[in-house]
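The values are calculated or read from the model by the stated rules, or taken from the named source; none is laboratory data. Computed from a predicted model, the values in this text were never measured in an experiment. Cβ placement follows ideal geometry from the backbone for every residue including glycine, while neighbour counts extend to all protein chains displayed. Accessible surface is based on the protein model in full, side chains and every heavy atom, while ligands, DNA and RNA are left aside. Shrake-Rupley method; radii C 1.70, N 1.55, O 1.52, S 1.80 Å.
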Amino acid sequence: ADNSASGAMALPQAKILDFGLARITDADVKAATMVTEIGMIKGTLPYMSPEQARGLAEEIDVRTDVYALGVVLYEMLSGRRPYDATTAALVEAVRIICEEPPAPLRSAASRSGRIDQDIETIVGKALEKEAARRYASASSLSDDIGRYLDSQPILARPPSAVYQMRKFASRHKAGVLAASVVLVAVVAASVVSFSEYLKAERAAAIARVEAAKSRQIAAFMSDMLSAVGPSVARGRDTAMLREILDRTAERVDTELGDQPEVEASLRRTLGLTYQELGEYAKGEENLEAALALHRNLFPGANREVATDLCNLGESYWSNTTSSDGEKLLRECLAMRIELFGERNAEVALARVMLGNEIARFGRYDEAEQELRKALVTNRELPGVTGQDLAVNINSLGTVVHHKGDFDEAGSLYQEALEIHRRELGDDHPFVFIDRHNLAALANSRGDFPAAEAQYRQLLEAQQQVLGPRHAQLAQTYRSLATTIARQGRWNESEEAYRQALEIAREAGGERCAEAADILNELGIVIGYRDGTAAGEPYYREALDIHREVLGDDNRVVASDLNNLARVLVQKGEFEQARAMYDEALALIIRSLGPDHAQVLLVRNNLARLLRTSGQLDAAEKAFREVIEGRRRLLGDAHPQVAVSRADLSKVLFEQGRYEDARAELATALASYSKAMGEDHPGTGLLEGSLGKALIRLERYDEAAEWLRKAVANLSRNYGEDNAKTVEAQGYLDEALSKLDAAGA
């Protein structure tokens, strides 16, 4: 599992204000105990009105709260406060609040774009130094904001030039007196031009007002919709959250046809939020619409278009079997390099997404190259967010995990987890992904009890934050079920898979693609428990669903064919099995190319068919080709190479070439135990096979040594009554018996 920052949402910050310091009515002043003591300052300094800062309790009334609301509104629009009073000494801070005018809102609001003149006027009236010039109450302020949003004339008016000059003069008496003659001349000469300027500015503002309002409303809606996601909702009822999204989407469909820029912004937010709620199809629909709208608005290289390309490419990588993600992400990377150059955080993010997409198709060396290049940039550039860095680290960990470097993968996963916890807290979905990856690594190492414990803890945390039926829980249940199955507890594994199946069907429908994926895995477990043929109905149902949902020409269909062919091999229906393997190979090669790991997996199963059907020479040749392919793709020491060597040894054993079989097994055991650990059950199976080969070579003492290790390993992992353990014990008894006979 991986994560991405392209659609990540910053968590909201709580604001605690000093409302209640102001008195409610004049009657309350007489009846209530003074909240603010005479001559004392109480409250948070940056939000204090001038009268509050001076400690003049008799002047404090509801208009003091209006001033504080003005500071909050200014900060919401610009991202900063109207005054910087936090670093000054107390006396100087009070002087700034009481005398200095606030920084012009238009120049301060760089992050929000141009601020409409009416908005600036409303904020200015709320921040007046003299309480009498402010709104009479918070409701009056609210009413004027409502008039603005309804495109009605506001009641507030900008302060006159005369008033502004009078206030300036009161603050700078000496300078004004010295320059009064010059000032009068300048003012007189400027009156006409200033009046004309105001008229022209007012006319231009009218032309811009609707677009400005639309942009501000879109920004507000985006912030609101972002709060719908589970990472912010923290386990609240997602049915209500989905209703909010659906209603917003309906209104976007019908009301924003003539405002493509606003629609594109909201489509993007809707898409990302649907994705977080597990509504992947709706998410992609909105992300695709956002991309189309932005392409029409901004032909050529453009930042907004590049962002949409990244979001949609990531969605294809995460949630579908589409092969279009790589094309979109390569276009995004090229566009961002053209816009920003190589050393840029957005370019690095595009490389991370592209690396993830390439890895999905098994091209791990190419993916690793992109991810390491991005990581150099992300570690060196100032200002790169911890989340973007952690996504990069996590993605690289996944690739080296696939390549079999478990030590580096563990270090990278742990670093990503620490960053995400520090930045986002313990219960953010990104943290869940990191924890899932660490559990998967424990699984790969063969430490199944540790992996199981980690998955169970993760499941509990996800249920608390995402709710008990969120789509993401299906994947955690699947991973837990696989881990339980590897310990031979087939009934418990089946139960966990059925939980996953139920959640997947609730999220995507009875015949969704993920339900078919789970049916495949469920068939494997039931086949192990009740015999290979028992899994056949599940494989066939999965195949039917995948063909219906994804079409016949899809690599996922190949997985179903592969599993079903395994059943047919066990039933001795070799011709039909061979036809299914051939069809699966053709599908995967068309989708992923001839050198993909999944192609080699099917080729390995086809070689097993040849061995089972007695075609030993053809099987030997096929296994050797798979070994060479896996060595080229994954390296000599990868566990999958060892598996193919073990398969080849069975052919050699059946040909009576016991020394050759022993040599292959020894090589396989050395690399597998190093990669997976001596306690891994796969290591135990290889030890047992080596012991069998040594019996045929009449090296009974060595055989007994390896078989003892195998029995201990398999009984520890699977239990003493498991078929694999019983088989190994039988060969150990044979070796000990012949050793006794030879000694006699």
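Please verify whether region 98-117 includes one or more residues that are part of a helix (DSSP H, G or I), surrounded by fewer than 20 Cβ atoms within 10 Å (Cβ to Cβ), over 40 Å from the mean Cα position of the chain (by Cα) and modelled with pLDDT of 80 or more.
Yes, region 98-117 contains a residue that is part of a helix (DSSP H, G or I), surrounded by fewer than 20 Cβ atoms within 10 Å (Cβ to Cβ), over 40 Å from the mean Cα position of the chain (by Cα) and modelled with pLDDT of 80 or more.
Just checking, does region 583-604 include any residue being outside any loop (DSSP other than H, G, I, E, B), modelled with pLDDT of 95 or more and of a type in the set (D, E)?
no
May I ask you to verify whether S559 is under 29 Å from the mean Cα position of the chain (by Cα), surrounded by 21 or more Cβ atoms within 10 Å (Cβ to Cβ) and hydroxyl-bearing (S, T, Y)? Walk me through how you get there before you give the answer.
Numbers: under 29 Å from the mean Cα position of the chain (by Cα): yes; surrounded by 21 or more Cβ atoms within 10 Å (Cβ to Cβ): yes; hydroxyl-bearing (S, T, Y): yes.
Yes: the conditions hold for S559.
Quick test for you: out of S671, S644, S649, S613, pick the one residue that is farther than 28 Å from G362 by Cα and buried (at least 16 other Cβ atoms within 10 Å of the Cβ).
On inspection, the qualifying residue turns out to be S613.
It is to be established whether one or more residues within region 293-306 are at pLDDT below 90, part of a helix (DSSP H, G or I) and either among the β-branched types (V, I, T) or open to solvent by 50 Å² or more (accessible area, probe 1.4 Å) (or both).
No, because not a single residue in region 293-306 is at pLDDT below 90, part of a helix (DSSP H, G or I) and either among the β-branched types (V, I, T) or open to solvent by 50 Å² or more (accessible area, probe 1.4 Å) (or both).
Got a number for residues in region 141-161 being over 19 Å from L77 (Cβ atoms) and modelled with pLDDT of 85 or more?
Going through region 141-161 one residue at a time, the tally reaches 0.
Among the residues of region 646-677, count how many are touching a residue at least 24 places away in the same chain (Cβ under 8 Å), out of contact with any Pro (no Cβ under 7 Å at 6 or more places or on another chain) and of a type outside the set (V, I, T).
Of the residues in region 646-677, 20 are touching a residue at least 24 places away in the same chain (Cβ under 8 Å), out of contact with any Pro (no Cβ under 7 Å at 6 or more places or on another chain) and of a type outside the set (V, I, T).
So which residues in region 706-744 are touching a residue at least 12 places away in the same chain (Cβ under 8 Å) and open to solvent by 70 Å² or more (accessible area, probe 1.4 Å), if there are any at all?
Those that are touching a residue at least 12 places away in the same chain (Cβ under 8 Å) and open to solvent by 70 Å² or more (accessible area, probe 1.4 Å): R708, K709, R716, E727, K738, A742.
Could you list, in sequence order, all residues of region 621-674 that are among the hydrophobic types (A, V, I, L, M, F, W, C) and outside any helix (DSSP H, G or I)?
Of everything in region 621-674, just one residue is among the hydrophobic types (A, V, I, L, M, F, W, C) and outside any helix (DSSP H, G or I), namely A637.
Being within 30 Å of Q598 (Cβ to Cβ) and acidic (D, E) is the filter here; which residues of region 335-358 pass it?
Listed by number, the list holds a single entry, E357.
Name the single residue that is most open to solvent (accessible area, probe 1.4 Å) among those in region 330-353 being of a type outside the set (A, V, I, L, M, F, W, C) and in a helix (DSSP H, G or I).
E338
Looking at region 266-287, I want the residues that are closer than 22 Å to L550 by Cα and have a partner that is in a helix (DSSP H, G or I) and β-branched (V, I, T) with Cβ atoms under 8 Å, at least 6 apart or on another chain. Which pairs are those?
Here the result reads G283/T273, each pair linking region 266-287 to a residue that is in a helix (DSSP H, G or I) and β-branched (V, I, T).
Which one of these is in a helix (DSSP H, G or I) and not aromatic (F, W, Y): E720, E698, E705?
Criteria check complete, one pass: E705.
Any idea which of Q475, Q464, Q454 is touching an Asp or Glu at 6+ places or on another chain (Cβ under 8 Å) and among the polar types (S, T, N, Q)?
Q464
What single numbered condition from (1) modelled with pLDDT of 95 or more; (2) under 28 Å from P594 (Cα atoms); (3) crowded, with 16+ Cβ neighbours inside 10 Å fails to hold for F361?
Only one criterion is unmet by F361, namely (1).
Give the residue that is surrounded by the most Cβ atoms within 10 Å (Cβ to Cβ), with candidates limited to residues of region 468-481 that are out of contact with any His (no Cβ under 9 Å at 6 or more places or on another chain) and modelled with pLDDT of 95 or more.
A481
Of the residues in region 427-440, how many are at pLDDT 90 or above and open to solvent by 10 Å² or more (accessible area, probe 1.4 Å)?
Qualifying residue count, region 427-440: 5.
What's the total number of residues in region 546-560 that are more than 15 Å from L522 (Cα to Cα) and in a helix (DSSP H, G or I)?
Qualifying residue count, region 546-560: 9.
Can you pull out every residue in region 593-619 that is among the aliphatic types (A, V, I, L, M), closer than 21 Å to Q570 by Cβ and touching a residue at least 40 places away in the same chain (Cβ under 8 Å)?
To start, the set of residues in region 593-619 that are among the aliphatic types (A, V, I, L, M) comprises 597, 599-602, 606-607, 609-610, 616, 618-619.
Filter once more, keeping what is closer than 21 Å to Q570 by Cβ: 601-602, 606-607, 609-610, 616, 618-619.
The answer is V602, A607, L609.
Looking at (1) open to solvent by 70 Å² or more (accessible area, probe 1.4 Å); (2) at pLDDT 65 or above, can you tell me which one G70 breaks?
For G70, the exception is condition (1).
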